[in-house]
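Here the structure comes first, spelled out in structure tokens, and everything after it is commentary.
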Amino acid sequence: MLTEVVRAGSLIACAGLLNSVVNHRVLLRPRPVAKTVTERVTVCVPARNEEHHVPHLLADLAAQTSVPRMRVLVLDDSSGDDTFKVAVNASAGDPRVRVERCTIEPSAGWLGKPAACFRLAELALADDQAEPDVLVFVDADVRLSPDAIAAGVDLLRNGGLDMVCPWPQQRADSIAERLVQPLQQWSWMTSLPLGIADRSHRPSMAAVCGQFLVVDSTAYRAIGGHRAVAACVLDDLELARTLRRKGFRTAPADGSRLAQCRMYTGAGELRAGYGKSLWTAFGSPLEAAALFTALVAIYVLPPAVALVGSGHARRWGLLGYLAAVGSRLVSAREAGTQSWPDVLAQPLSVLALAALTVDSHRQRRRGSLYWKGRHLA
């Protein structure tokens, strides 16, 4: 029985490796040299307690090339620090940049980030003189290359898409970050057939990272913008799914040379950050338990049997472990992140994610989920 389970898990791991190799070949990539964008582009930056990050992002936006009709809107979302003052000082003298301050909390039924993004889009779309053709949502802790905005818009238009996510390179410095963060891109690289997903409207085939989103403004208005995802913790994913339900096309793209982001600093912040969202990422507690039971059978049991088992089970276990390491390696190379020795810890990464998911559900039941000073659930 053990041999059959290990063999099945290992074969699925091999299929994941094959899928990641195929996805590496078909993933959308920016052109080496960005074309000049003639459309009107508005970059929307929601910022809450981001005094240390927003000056760097604004400097990156000021250095953007090939986007002559770009403007930038920054919303200080009731920050408890000097985000507003720092943003105003950092943008002084740049007529393309407008910094607004919101001092009221989100209305009932709204979470903080969707509310901030919706306010920014309203400001952008209310300007009759320069209503944008494209909206770009960028988190304040993202760093951009000089051609990032132009390349993102080119990916959108050249790919015939309504929303594209140039997936930023995820910086991970601490051990906890290096253990968990690579699973973001690895998860869809191994499980999602991009060749089909990019042409499909199925919501379940959406892959997106809200750190850097490029959206056609007409499509955005058609779904009601972030109002459609007002109460969603994973607002980026639900925005992509909503677009797909309405017949629009979304896709991820290689954004590793265009943008980078360090989402969380250390284990404590990583736990809080994942805690706010993992309770809803995999469905109900029962669905999450079923998923992680499968992941353990695929990515934890085979290497364990390879280590302590014998005979056919051990050989199958070794094959499964090597396939898992291979898929992590492909994903790491694609993402531009550190490969060795991190990819060898794939079983521990899966167990860490499972533990974070259990912790997130526990915090949700206790009503103790907070993010940036706001109570979530």
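Per residue, the accessible area of the chain comes to 43 Å², computed with a 1.4 Å probe over protein heavy atoms only. Measuring with a 1.4 angstrom probe and ignoring ligands and nucleic acids, residue 189 comes out at about 0 Å² accessible. For residue 248, the solvent-accessible surface with a 1.4 Å probe is about 50 Å², rounded to the nearest 10.
Rolling a 1.4 angstrom probe over region 232-377 with all protein chains present gives an accessible area of which 62% lies on carbon and sulfur atoms. Taking the chain as a Gaussian network of alpha-carbon nodes connected by springs under 10 Å, the highest mean-square fluctuation of the residues 335, 126, 219 belongs to 126. Rounded if a/c is under 1.5, else prolate if a/b beats b/c, else oblate: with a ≥ b ≥ c from the C-alpha gyration tensor eigenvalues square-rooted, which is region 154-301? It is prolate, given that a/c is not under 1.5 and a/b is the larger ratio. A 1.4 Å probe over all protein chains sorts 227, 366, 249 by accessible area into 366, 227, 249, starting with the largest. Neighbours of residue 249 by Cβ distance under 10 Å: Lys/Arg scored +1, Asp/Glu scored -1, total -1.
Computed from Cα positions, the angle between helix 2-26 and the longest principal axis of the chain comes to roughly 30 degrees. Within the straight-line cut-off of under 21 Å between alpha carbons, the lysines reachable from residue 276 are 113, 372, sequence neighbours fewer than 8 places apart in one chain being disregarded. According to the square roots a ≥ b ≥ c of the eigenvalues of the Cα gyration tensor, what is the shape class of region 10-56, taking rounded for a/c under 1.5, prolate for a/b larger than b/c otherwise, and oblate for the remainder? Oblate, since a/c reaches 1.5 and b/c is not below a/b. Of the whole protein surface, residue 188 contributes about 20 Å² of accessible area at a 1.4 Å probe radius. Around residue 55, with a cut-off of 12 angstrom between Cβ atoms, what is the net charge of the other residues, counting Lys and Arg +1 and Asp and Glu -1? Within the 12 Å Cβ shell, the charges total -3. Summing Lys and Arg as +1 and Asp and Glu as -1 over all other residues whose Cβ lies under 14 Å from the Cβ of residue 98 gives a net charge of -1.
Post the alpha-carbon centroid distance, region 197-263 to region 289-350, in whole angstrom. Answer, in whole Å: 30.
Couplings 3J(HN,Hα) of region 207-219, computed from phi: 9, 7, 10, x, 5, 8, 10, 10, 10, 5, 5, 5, 5 Hz, in residue order, whole Hz [Karplus 6.51 cos²θ - 1.76 cosθ + 1.60, θ = phi - 60°; x for Gly and Pro]. Between residue 196 and residue 82, the modelled labels are 5.4 nm apart [label points 7 Å from Cα along Cα→Cβ]. Full extension of the segment from residue 358 to residue 130, taken as 0.36 nm per residue of separation minus the current Cα-Cα distance, would add 77.4 nm. Length gained on full extension, residue 245 to residue 65, computed as 0.36 nm times the residue gap minus the Cα-Cα distance: 61.4 nm. Using the Cβ-Cβ distance between residue 100 and residue 281 with R0 set to 30 Å, the FRET efficiency from 1/(1 + (r/R0)^6) comes to roughly 0.45.
The values are calculated or read from the model by the stated rules, or taken from the named source; none is laboratory data. Keep in mind that this is a model prediction, so the values were computed, not measured. Cβ atoms come from the backbone with ideal geometry, glycine included; neighbour counts cover every protein chain shown. Side chains included, ligands, DNA and RNA excluded: accessible areas come from the protein's heavy atoms. Shrake-Rupley method; radii C 1.70, N 1.55, O 1.52, S 1.80 Å.
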